[in-house]
Structures are given as structure tokens and as C-alpha cells.
Amino acid sequence: MEILDIARSQLLSPTGLSDEDINKALSAALGGSIDAADMYFQSVTRESWSLDDGIVKDASFNLQHGVGVRAMSGDKTGFAYSDDIAMSALLESSQAARSIAKSSGANDMQAWKVQSGHSLYTPDNPLSVLSENQKMDLLRQADATARAADPRIKQVMVSLLGSHEVVLIARSDGTLAADVRPLVRFNVSVIAEQNGRREQGSMGGGGRYNYSEFIASDSADEFAREAVRQAIVNLDAKEAPAGNMVIVLGPGWPGVLLHEAIGHGLEGDFNRKGTSAFSGRIGERVASPGVTVVDDGTIANRRGSLNIDDEGTPTKCTTLIEDGILKGYMQDRMNGKLSNTKSTGNGRRESYAHQTMPRMTNTYMLAGQHDPEEILASVDKGFYAVNFGGGQVDITSGKFVFSASEAYMVEKGKITYPVKGATLIGDGPDVLTRVGMIGNDLKLDAGVGTCGKEGQSVPVGVGQPTLRIDGITVGGTQA
Amino acid sequence: MSNNLEKTISDDSLQSLLSQAVDYAKTKGADAIEVAASNDKGYSVTARLGEVETVEHHNQRSMAVTVYRGQAKGSASTNIVSPEAINRAVDSALDIAKFTAEDECAGIAESDLMAFDYPELNLEHPWEIETDQALEKAIICEQAARDDTRIVNSEGASVSSITTQLTYANSHGFIGEYRGTRHSVSCSVIAGDDNGMQRDYWYTLDRNAKNLQNVEEVGAIARERTVRRLSSQGMKTCSVPILFEPPLARSLIGHLFSAISGSALYRQASFLLDSKGKKILPEWITIKELPHMLGALGSVPFDNEGVRTQERNIVENGVLQGYILGSYSARKLGMQTTANAGGVHNIQMTHSDLTQQELIKNMGKGLLVTELIGHGVNTVTGDYSRGAAGFWVENGEIQHPVHEITIAGNLADMFQSISAVGNDTDTRGNVQCGSILIDNMTIAGSS
């Protein structure tokens with residue numbers, strides 16, 4: 001299997017580790033009440049290039065590798081890792097992880113069987129596709145376009161990031177799996193100034209492909225113009241209203257709504273422990289009819305996609321909510337087992353030095369029937385938000401927020417004036433029951449999402465069509 | 001990529017490794033170089049519902065190098081601590097510096113600022129317990145937190161102990177190293193009633209385990225904070241005074257520092273642009289930076305560029321005395337570094353003799369904020385809008401818990417309208433302050 005060969009040569013060959021060695025090291029993590037163990041080998045190279053004040057003044061390169069070992073017994077996990085991928089370090093980490101369970105006695109390793117995953121992206125290294133000068137040209141082009149677009153643009157910051165990751169997973173049930181993951185991202189941020197007032201605008205995108213895609217798609221110009229447009233709109237933004245009102249959300253990145261309102265609350269670990277506001281609610285109505293939300297790790301080239309998750313399970317399209325009814329949670333292997341179900345391919349970790357837990361991939365709502373213009377026209381008085389920063393949630397109380405970065409007041413079906421970004425707050429199990437209209441314009445975000453949970457960041461995607469929500473609290477200053 | 005001929009370097013010989021890297025870089029054409037290595041070693045254990053849940057062993061190493069070819073800069077980093085890996089990182093950084101533009105403000109900090117005689121700050125206090133004993137403590141902590149029938153579930157209690165070593169060297173011939181420990185006990189539990197579930201937490205953190213709060217006390221506080229949130233309700237939109245609990249008050253001071261940090265200022269991306277010498281806070285407020293407090297959480301003998309750290313007043317009698325700068329941003333602004341490459345170090349501020357209770361009484365009617373969520377803080381404009389939970393205060397007393405609200409305002413106004421700072425200083429961090437009372441902000445609610 002080609003991917004496994006790449007992974008072996010990158011991760012195991014340099015220190016001469018064979019499959020038998022891994023078998024031996026993993027066996028050291030088994031025994032007694034340990035019912036499963038795994039090893040996660042990882043090597044990543046990353047680079048970033050940035051332009052600021054019109055010049056490419058900074059760039060950096062990072063290389064890291066290591067192996068993490070987990071030993072699991074029921075809901076308990078022993079975890080150790082090493083940046084040294086060598087037999088002695090593997091054995092030491094296995095023994096350290098093994099100490100989670102006190103009882104002795106050996107468990108057997110199963111024979112190796114290779115698990116293949118999807119082919120959602122190519123294994124090629126995205127960092128080497130363009131020369132340094134071509135990378136800098138991309139940055140400089142975005143800078144030039146942004147500055148030329150409007151004389152009020154005073155600052156332009158452009159960044160280009162890329163990474164190439166090789167992972168190999170070995171499990172005590174004999175599964176051997178590997179993945180080679182490219183990831184790139186291009187971002188333009190600007191500050192506009194008028195009469196002493198300064199406002200920002202930002203646009204970016206990326207995914208699991210390589211930098212040449214940015215050239216082919218004219219991203220430098222597109223992102224620069226969009227960032228400028230946002231900043232200029234914000235120069236005229238008035239104070240945002242405060243209070244409960246009807247809102248319309250644009251398609252794409254505003255899908256952060258779903259990520260915060262229900263995404264985290266539907267992660268398997270919280271529901272297994274009973275700490276989520278959605279615990280024990282499978283089969284209940286949690287959203288309006290017509291609302292279907294999925295977590296789909298199988299979309300080609302997306303930032304949030306994976307061929308296999310970080311436990312070697314091929315990713316899936318998991319239906320979370322169907323026609324408003326809660327259907328299922330996102331699981332990794334341990335939480336799936338403890339919940340009498342299976343992993344949904346959502347076991348992820350930030351690196352070999354972090355533990356695995358259920359995480360999202362690409363979380364989005366399916367398209368509905370309405371024309372987006374019709375949705376806007378239906379609003380007598382409300383708030384229309386098309387761009388957001390990020391959000392956060394308390395999965396126990398269910399309260400979540402997301403912060404608008406470009407928004408408008410709507411009166412009698414028409415946009416009247418722009419307002420400053422305000423934070424919107426709602427209740428997860430409640431907000432989707434207030435979805436009044438669902439647009440037919442499903443869009444996924446451009447590839448800029450990073451999700452944080454318990455100190456670990458992973459790349460994710462979000463999406464939705466235009467939505468009308470009949471009542472959410474807008475955190476402005478105009479009471 | 002390591003190979004079986006490379007041996008990784010023990011923590012003791014990092015100084016010679018880094019100084020060898022500086023020499024290597026010079027031979028390969030670097031005009032200036034700085035290199036840093038860090039290592040976090042320790043463990044964290046979590047118990048949940050009376051049993052062990054996780055035992056994690058930590059050993060995280062990293063090395064970062066920045067080189068300059070003239071005024072062109074390149075950086076590289078790796079987690080592999082070996083002579084070969086660091087030399088490869090130097091090569092990568094030098095390759096990058098062939099392409100990046102000459103920047104007249106680029107370069108390492110000036111040699112006369114180097115902390116050649118840096119002080120020992122007593123930051124390392126090993127905690128002589130094994131993971132088994134740590135687990136026992138976690139179990140006892142959680143037990144205390146669950147000692148109430150209204151506590152229906154638990155996220156668990158954790159005990160962790162980490163030793164960090166930092167080594168830095170540059171081409172001025174400066175080499176510095178220091179080690180520090182951080183120990184903590186934390187606990188999070190969940191209360192429930194007919195109106196739903198609420199969770200809260202508490203933790204204790206210190207460099208010396210002797211100074212940690214008693215584990216039963218940590219559990220008890222987590223329990224009380226959680227239970228008091230039950231039957232939380234929504235609110236009507238209004239404009240009232242807001243009292244920020246100490247951990248949240250700390251975040252307000254953090255926003256102030258973001259707005260006076262060099263990287264925001266030279267990009268003119270701050271609502272406090274050109275504020276040096278201006279009154280930005282009430283005249284009774286002074287904010288000090290004390291980098292050399294022995295054993296304190298934020299203490300450092302030198303900053304991330306090897307620059308000598310020293311005490312100063314960042315704000316004095318409400319007037320901004322200086323910014324938060326490293327050498328690059330300082331040069332962009334025509335100023336000198338304030339030894340803040342990497343951030344601020346031990347912040348203390350003026351406070352009154354008033355307890356939180358007294359502040360609540362004086363406030364009369366308003367909101368006591370105990371939780372903030374979301375990132376709605378705009379450093380460019382000062383616009384502030386965050387999700388919140390807390391307690392409605394009327395007649396000088398807490399009436400009931402509230403939730404699903406936002407609080408909004410503009411930081412420039414908020415800072416000027418701080419009417420009191422409590423004596424309930426939260427010492428569990430780099431920035432230490434008490435409750436902060438702000439005259440007026442807008443609360444948006446669902447009712």
C-alpha cells in the first residue's frame with residue numbers, strides 16, 4: 001500500500017524500526033485490564049511566509065516528529081510520548097502508559113492487518129510545489145491589489161502557511177494505518193482608515209491541496225479585494241443593537257453557528273459522561289423540521305477532511321440531526337465502545353504529544369428550499385450577519401456565542417445600514433428550533449477554521465445555507 | 001529527521017549546544033543569530049467519579065533559531081534536540097534569509113541591554129510526590145466537590161506538575177538559562193435541577209506546592225461556584241454597572257496590554273495608538289511590572305531576547321508611561337525595547353480596601369460577571385462584546401444567577417470608567433488583580 005510505504009520510510013526506516021519492533025513495543029503496553037493500546041507516529045514539516053509594510057520580512061520553517069502511546073482500560077487512559085522514534089523510547093513510553101492499570105498478566109497483540117482509508121487528497125508535499133520567489137509573489141500581489149483597491153487602506157498583512165504531515169497508526173487489535181496530509185492556507189488582512197477611525201477586514205482560504213491552487217484561482221486578488229470590501233463597509237458601521245431579534249445568517253463561514261451551538265455538544269465523550277445539554281436526547285426533536293446537520297470527513301481536499309482519523313478509522317459522513325431529530329453523536333474508538341456503538345471516524349488529536357478525543361471534521365447543514373433573497377425579504381426588522389470571527393460554547397449549560405465581523409440592520413426586507421460586529425448568544429438545544437427558513441444556497445467555508453478543545457487545536461470546516469433564525473440575542477451597545 | 005547515529009542532548013548540556021549553534025551559524029554566513037531551547041517535563045493525572053481517568057506523562061522539547069543576513073531574517077524550529085537537528089534548523093533559517101527582504105528594523109536586541117548578570121529568581125520547587133499520590137489528592141479534591149446532592153456529575157479533578165527549562169543564546173555572546181516549576185490542582189463539577197445543568201470549576205496554581213490551596217478547599221469552592229449557578233435565568237436588555245470577578249478582571253487588563261503591545265502599535269492596529277503620556281485610566285490607578293519577584297509565576301531573569309528585565313510602572317496615576325515592546329517593534333516606533341519580548345512579567349495594580357461583598361453593596365444595582373465566553377474583542381477599535389453569565393445584583397445584594405446574556409461597550413470608555421478595584425486579588429497568574437467595577441455597560445438579554 002503506497003501510503004503505508006511512504007509512512008514507513010519517513011517514520012520507521014530512519015531508526016530501523018520494523019513491524020515486529022512495533023509489535024513488541026505495543027505488547028509492552030498491554031496486559032491485565034488493558035483492553036486496547038495504540039501508537040501514533042507523526043512527522044510534520046511546516047512553513048509560514050508573511051508580508052507586512054509592503055515587504056516579505058519574515059518566514060519560518062518547522063520540523064517535528066514523535067510517537068505517542070496510549071493504553072486504555074475501560075474509560076481510563078495512560079499516555080506517554082517521545083520525540084525520539086527509537087525502540088528504547090517506544091518501550092519506555094509503552095511501560096509508562098501501561099501503568100494506568102495495576103493488574104498484571106499479558107494480553108496478546110493481534111496480527112497486523114492494513115486498514116486503508118479514502119483518497120481525499122494527494123500525498124505530495126505542498127511546500128515544494130512553488131519556488132520561494134513564487135510564494136513571495138503571491139504575497140506581494142495580494143498586497144498590491146489591496147493597496148490599489150482603495151486609498152483608505154493603510155495596512156496590509158498577508159500570510160501563506162503550509163504543512164505536510166505523515167502519520168502511522170498501530171493498534172493492538174492489529175490495525176496498521178497511515179495517512180499523508182497536505183494543508184495550506186492563504187490569508188489577507190487589512191486596516192482601513194478614514195477621519196481617524198480604523199477598521200479591519202480579512203479574507204482567507206485553503207485546504208488539503210498545494211499552493212498552486214491559489215495561483216490558479218486568483219486567490220491573491222480575490223482575497224485582497226474581499227478583505228478591503230469588508231474593512232470599507234466597517235468604516236461606516238454604526239453601533240449594533242442590543243437585545244433579542246430575528247436574524248439572518250449568510251451562507252458558508254456563519255456555519256460557526258452549528259459548530260458552537262450543537263457541534264461540541266454532540267461530541268461522544270461529553271455524551272458518554274452525561275455532561276452535555278444533548279446527553280440522552282437521541283430520538284428527540286432538537287431543531288425545526290427541515291434541519292439536517294452532518295459531520296462529514298469525506299469531502300475531497302477540504303481543510304477539515306481526513307482519509308483516516310487519528311486512530312486509523314476511515315472517516316464518514318455522520319448524520320447528527322435529521323429533519324430536526326437528534327440522530328447520533330461523533331465518536332472515537334473508546335467513547336464509541338463505552339456507548340455501545342462504533343467509532344464514527346472522529347477520533348482526532350493535535351499531535352503525537354496529545355491525547356485523542358472526539359472532534360469535528362466538516363460540520364454543515366444541508367440546503368433547504370428557499371431563495372436567499374426571499375429569506376432576507378421576509379424580515380420586517382432584524383439583523384443580517386454575513387461574516388464572523390469565532391465562537392465558543394459551554395456544552396453543559398448549552399450556551400454558545402459567535403461574533404459577527406460584518407453585519408447589517410434589515411428593515412422591511414431591505415438592508416438599511418452596516419453595524420459593528422456584535423457577539424450573538426443563544427442556547428444550543430433551543431436555537432435550531434427557531435430556524436424559520438433554510439436557503440437553497442449551501443456553502444462550505446473557504447478553509448480557515450481551527451477548533452480548540454481542552455487545549456488542543458485541529459483544523460475543521462463549517463458550512464450552511466442562508467438561514468433565518470426567529471430570535472437570538474444580539475450583543476450590541478444600542479439598547 | 002533523526003537517524004540512529006544522532007544522540008539527543010540532555011538538558012544539562014543545552015548551553016554548550018546552543019553556543020555551538022551560534023558559532024555554526026556565523027561560519028555559514030549569519031551576521032546575527034539567536035537560539036532558544038525549552039523543555040517541559042512532568043505529568044498530569046485526572047480522577048473522575050472517584051477513580052483514575054487519565055495519567056499523562058509530559059516531555060516536550062523544542063528549539064527555535066532566528067538568523068540574520070544583514071537585515072534579512074529567517075527562522076526555523078524543531079522538536080528534535082540534537083546537534084545535527086539544530087544545525088539543519090540553522091541551515092533552513094539561513095536559506096529563508098536569502099529570500100526575505102532587508103528590513104531596517106530587523107535584528108537581535110542591542111548588546112548593552114543583555115542581562116549578562118541575570119538574577120536567580122527561585123522559580124524551581126520540585127514537588128516530591130509520585131503520580132499515585134497525585135491521584136489520591138485528585139480523588140479527595142473531587143470528593144469534596146461532589147459533597148452536595150445537587151452535584152449530579154463531574155468532569156473530574158486534576159493534579160499536574162511540570163518543570164520547564166529555558167535556555168537562550170545569541171551572537172552577542174549572551175547565554176542564559178533558568179528552570180521553573182508549575183504545580184496545580186483543579187476540579188470541575190456539574191449541578192443539575194429541573195431547569196438544566198450548570199458547571200463551574202476552581203483551581204490552585206503555584207510554583208511551590210507548599211503554597212497550593214488545600215485540595216479539599218479547591219473541591220469545596222468548585223462545588224459552591226457550581227451550585228450557585230442553578231436555576232439561572234435570562235434577563236432584560238439594560239445598561240448598568242458591571243463588576244468583573246478577579247479572573248475576568250484579569251482579562252480586561254490583558255486587553256489593555258494587547259492594545260499597548262508593539263506589534264499592534266506599529267501597525268496602527270490599536271485603539272490606544274499614541275497614548276503614551278495620556279491618561280487612559282482613573283488617576284488613582286497605577287499598574288506595575290515586577291519581573292524579579294522571587295518565586296512568582298510571571299518572573300523571568302531576562303526576556304525572550306536576553307534583554308535585562310526590570311521593574312517599572314506601565315501606568316502611573318492613570319497615565320500610560322510606556323508600551324510593551326520587544327526590540328523590533330521598539331525600532332519601528334523609534335523607541336527602545338521595554339524587555340517585553342514574549343510578554344509582560346508579574347503585573348500588580350492598585351486596589352482599594354473593599355471586599356467583593358462591599359463592592360456589590362456599593363454597586364447597588366448591576367451585574368456581577370463570573371463567566372465570559374467568546375472572542376468579541378476588537379483591539380483596533382476597542383469594541384467589546386462577549387457572552388456572559390453571572391449574578392443580578394439589586395439593593396446591594398445578589399438576587400439570582402443570570403445567563404444567556406452579552407455585555408458590550410468600548411474598552412477605551414470602560415478603562416476610563418473603572419470606579420473601583422477590590423482587595424480580592426487573584427494571585428494565580430502573571431497578572432494579579434482584584435474585582436473591577438465598571439460604571440456602565442450594555443447588557444443584552446433574551447427576555
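The values are calculated or read from the model by the stated rules, or taken from the named source; none is laboratory data. Owing to the predicted nature of the structure, the values given are computational and were not obtained by experimental measurement. Every residue, glycine as well, gets a Cβ built from its backbone with ideal geometry; the counts of neighbours run over all protein chains shown. Accessible surface is based on the protein model in full, side chains and every heavy atom, while ligands, DNA and RNA are left aside. Shrake-Rupley method; radii C 1.70, N 1.55, O 1.52, S 1.80 Å.
Details
- For residue A:229 and residue A:131, the difference between the fully extended length at 0.36 nm per residue and the C-alpha to C-alpha distance is 32.2 nm.
- GNM result for chain B, Cα springs below 10 Å: residue of B:174, B:257, B:99 fluctuating most strongly: B:99
- Extension reserve of the residue B:120-residue B:210 stretch, reckoned as 0.36 nm per residue once the Cα distance is removed: 30.4 nm
- Using alpha-carbon coordinates, inclination of helix B:215-227 to the longest axis of chain B, degrees: 50 degrees
- Chains A and B together, accessible area buried on both sides, 1.4 angstrom probe, square angstrom: 6100 Å²
- FRET efficiency for residue A:380 and residue A:342, using Cβ-Cβ distance with R0 set to 51 Å, rounded to 0.05: 0.60
- Cα-based reach from residue B:26 at 18 Å (exclusive), listing lysines while leaving out same-chain residues under 8 positions away: B:73, B:98
- Cross-link check: pairs A:154/A:412; A:113/A:443; A:135/B:278; A:399/B:365 evaluated at a Cα-Cα cut-off of 31 Å; pairs beyond the cut-off: A:154/A:412; A:113/A:443; A:135/B:278.
- Top of B:119, B:301, B:291 by mean-square fluctuation, Gaussian network on chain B, Cα under 10 Å: B:119
- With every protein chain in place, chain B: carbon and sulfur % of accessible area (1.4 Å): 45 percent
- Reachable aspartates and glutamates, given that their alpha-carbon falls under 14 Å from the alpha-carbon of residue B:279 and they are not under 8 places away in the same chain: B:316, B:413
- Accessible area of segment B:195-235 divided out per residue, in Å², using a probe of 1.4 angstrom: 45 Å²
- Spin-label model distance (nm) - residue A:19 vs residue B:129, 7 Å beyond Cα toward Cβ: 4.6 nm
- Shielding of peptide A:77-90 by partners, expressed as the average count of other chain Cβ atoms within 10 Å per residue Cβ, is 5.
- Summing Lys and Arg as +1 and Asp and Glu as -1 over all other residues whose Cβ lies under 9 Å from the Cβ of residue B:247 gives a net charge of 0.
- The residues neighbouring residue A:385, those whose beta-carbon lies less than 13 Å from its own, together hold a net charge of +1 under the Lys/Arg +1, Asp/Glu -1 convention.
- Helix B:14-27 axis versus longest C-alpha principal axis of chain B: approximately 50°, rounded to the nearest ten.
- Highest-fluctuation residue, B:245, B:289, B:358 considered, GNM on chain B with Cα pairs under 10 Å: B:358
- Partners for residue A:316 among aspartates and glutamates (Cα-Cα distance below 16 Å; same-chain residues under 8 apart left out): A:179, A:267, A:295, A:296, A:332
- Within-14-Å neighbourhood charge of residue B:347 [Cβ basis; K, R +1; D, E -1]: 0
- Share of carbon and sulfur in the accessible heavy-atom surface of segment A:424-471 [1.4 Å probe, %]: 45 percent
- Extension gain, residue A:197-residue A:238: 0.36 nm per intervening residue step, less the Cα-Cα distance, totals 13.5 nm.
- Acute angle (nearest 10 degrees) that the helix A:87-98 long axis makes with the longest principal axis of chain A, alpha-carbon atoms: 80 degrees
- Sparsely packed chymotrypsin sites (Phe, Trp or Tyr not before Pro) within segment A:251-342, loop by DSSP, other Cβ within 10 Å at most 12: none
- Chain-alone versus full-assembly comparison, segment A:407-435, residues with accessible loss of at least 50 Å² (1.4 Å probe): A:423, A:425
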